[in-house]
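The values are calculated or read from the model by the stated rules, or taken from the named source; none is laboratory data. The model shown is predicted, which means the values in this text are computed figures rather than measured ones. Every residue, glycine among them, receives a Cβ derived from its backbone with ideal geometry; neighbour counts consider all protein chains shown. These area figures cover heavy atoms from the full protein model, side chains too; ligands, DNA and RNA do not enter into them. Shrake-Rupley method; radii C 1.70, N 1.55, O 1.52, S 1.80 Å.
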Amino acid sequence: MNKNIGFIGCGNMGSAMISGIVKAEIVPSDRIYVCDHHENNFDKVKEYNVNTTTNVIEMVQKVDILILSVKPYVYESVISQIKEDIKKDVIVVCIAAGKSIEQVENAFEKKVKVVKAMPNTPALVLEAMSAVSFNDLIEEVEKEEILKIFSGFGKVEVVKEELMDAVTAVSGSSPAYVYMMIEAMADAAVKQGMPRKQAYVFASQAVYGASKMVLETHQHPGQLKDAVCSPSGTTIEAVGKLEETGFRSSIIQAMDACYEKSKRMK
Ligand SMILES: NC(=O)c1ccc[n+]([C@@H]2O[C@H](COP(=O)([O-])OP(=O)(O)OC[C@H]3O[C@@H](n4cnc5c(N)ncnc54)[C@H](OP(=O)(O)O)[C@@H]3O)[C@@H](O)[C@H]2O)c1
């Protein structure tokens with residue numbers, strides 16, 4: 001792709017996306033510009049030979065696609081710093097939880113091309129799940145470019161913007177819940193005598209394989225669960241205990257909390 005891509009914020013999500021874009025060779029690394037207010041935050045991307053700077057104005061003047069990868073509460077101050085200096089046709093990509101296209105447009109105080117996107121940190125290993133929505137200024141060819149960037153480091157779907165709070169709960173934040181489950185599974189295995197390092201491999205490969213089964217067999221997750229549960233067997237004992245202790249309800253409540261928080265952040 002013949003475009004310069006800029007990032008403001010080189011934290012967890014920004015660096016994961018940068019890593020994914022470089023590994024997937026979406027643009028050469030010398031077309032990636034990264035700005036952060038602290039030099040030491042560039043350590044996360046130093047292996048990729050991207051351009052780094054603490055001078056945000058200098059950076060935004062060079063980029064065609066600008067990804068705002070700072071926390072939601074600094075969006076307004078970052079936008080007010082750069083709004084006079086962005087290129088005329090720049091595409092601004094907002095990845096902040098709870099921020100809407102309209103809020104970003106208002107912060108720029110002028111018509112600007114805006115993409116609302118919600119990626120997740122598995123971008124780092126090219127296994128992100130991302131959703132994108134476009135404002136009406138984005139042309140078809142630009143939509144293709146944005147989809148190419150996001151599909152380079154995982155799966156991407158175009159969704160209506162009103163679904164973005166649900167996306168935040170189901171894929172943006174959900175790696176955290178899965179890591180908690182893997183940690184708990186490993187703790188139990190350690191309790192039962194397995195060495196810690198081996199326990200993480202067993203737990204995470206089981207989760208990875210189960211996810212792949214859902215994605216690749218297209219069977220209902222309940223059907224796949226039933227296939228693991230033999231009559232009077234070990235798995236149904238575990239399933240019974242999970243139901244008794246509110247496993248499913250706990251996940252639904254957690255995702256509702258995430259969704260509501262995302263809605264409140266507007
Ligand atoms: N993390 C996720 O899994 C995830 C998933 C989907 C979407 N998101 C969204 O991605 C965005 C970034 O999240 P994150 O988890 O990557 O946060 P993060 O790790 O805190 O990264 C933000 C980075 O921006 C830097 N920064 C803060 N203010 C700045 C400024 N004025 N100019 C330049 N750099 C600045 C921070 O530096 P210091 O830390 O040194 O201040 C940090 O390096 C958020 O809007 C979040 O909603 C995150």
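Do we have any residue at all in the range 71-85 that's within 11 Å of Phe7 (Cα to Cα), within 11 Å of the ligand (Cβ to nearest atom) and surrounded by fewer than 19 Cβ atoms within 10 Å (Cβ to Cβ)?
Of the residues in the range 71-85, the ones within 11 Å of Phe7 (Cα to Cα) are none.
No, that holds for no residue.
Does Ala123 satisfy the condition of being open to solvent by less than 10 Å² (accessible area, probe 1.4 Å), more than 13 Å from the ligand (Cβ to nearest atom) and either under 11 Å from the mean Cα position of the chain (by Cα) or not assigned by TED's automatic domain parsing to the domain that holds Tyr75 (or both)? Full working, then the answer.
On the way: open to solvent by less than 10 Å² (accessible area, probe 1.4 Å): yes; more than 13 Å from the ligand (Cβ to nearest atom): no; either under 11 Å from the mean Cα position of the chain (by Cα) or not assigned by TED's automatic domain parsing to the domain that holds Tyr75 (or both): yes.
When the stated conditions are applied, Ala123 does not pass them.
For the list (1) within 12 Å of the ligand (Cβ to nearest atom); (2) at pLDDT below 95; (3) under 19 Å from Glu161 (Cα atoms), I need the number of the one condition that Val93 fails.
(2)
Taking the condition of being open to solvent by 10 Å² or more (accessible area, probe 1.4 Å), near the ligand (Cβ under 9 Å from one of its atoms), part of a loop (DSSP other than H, G, I, E, B) and in contact (Cβ under 8 Å) with a residue 40 or more places away in the chain, how many residues in the range 1-56 meet it?
Residues flagged as open to solvent by 10 Å² or more (accessible area, probe 1.4 Å), near the ligand (Cβ under 9 Å from one of its atoms), part of a loop (DSSP other than H, G, I, E, B) and in contact (Cβ under 8 Å) with a residue 40 or more places away in the chain within the range 1-56 amount to 1.
Can Val60 be described as modelled with pLDDT of 95 or more, closer than 22 Å to Lys116 by Cα and within 10 Å of the ligand (Cβ to nearest atom)? Outline the logic, then answer.
Working: modelled with pLDDT of 95 or more: yes; closer than 22 Å to Lys116 by Cα: yes; within 10 Å of the ligand (Cβ to nearest atom): no.
Answer is no for this residue.
Restricting the range 126-137 to residues that are surrounded by fewer than 18 Cβ atoms within 10 Å (Cβ to Cβ) and of a type outside the set (Asp, Glu), which is nearest to the ligand (Cβ to nearest atom)? Spell out the reasoning first.
Step one: filter the range 126-137 for residues surrounded by fewer than 18 Cβ atoms within 10 Å (Cβ to Cβ), giving 126-127, 136-137.
When the remaining residues are screened for being of a type outside the set (Asp, Glu), the result is 126, 137.
Working: Leu126: 16, Leu137: 22 Å.
Filtering first and then ranking leaves Leu126.
Would the range 191-210 turn up any residue that is over 17 Å from Val93 (Cβ atoms) and touching a Leu at 6+ places or on another chain (Cβ under 8 Å)? Break it down stepwise before answering.
Initial filter on the range 191-210 (over 17 Å from Val93 (Cβ atoms)): 191-210.
Subset that is touching a Leu at 6+ places or on another chain (Cβ under 8 Å): 210.
Scanning the range 191-210 turns up at least one residue that is over 17 Å from Val93 (Cβ atoms) and touching a Leu at 6+ places or on another chain (Cβ under 8 Å).
For every residue, the table says whether it meets (1) out of contact with any His (no Cβ under 7 Å at 6 or more places or on another chain); (2) open to solvent by less than 60 Å² (accessible area, probe 1.4 Å); (3) of a type outside the set (Val, Ile, Thr).
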| site | (1), (2), (3) |
| --- | --- |
| Lys99 | yes, yes, yes |
| Leu147 | yes, yes, yes |
| Val156 | yes, yes, no |
| Met185 | yes, no, yes |
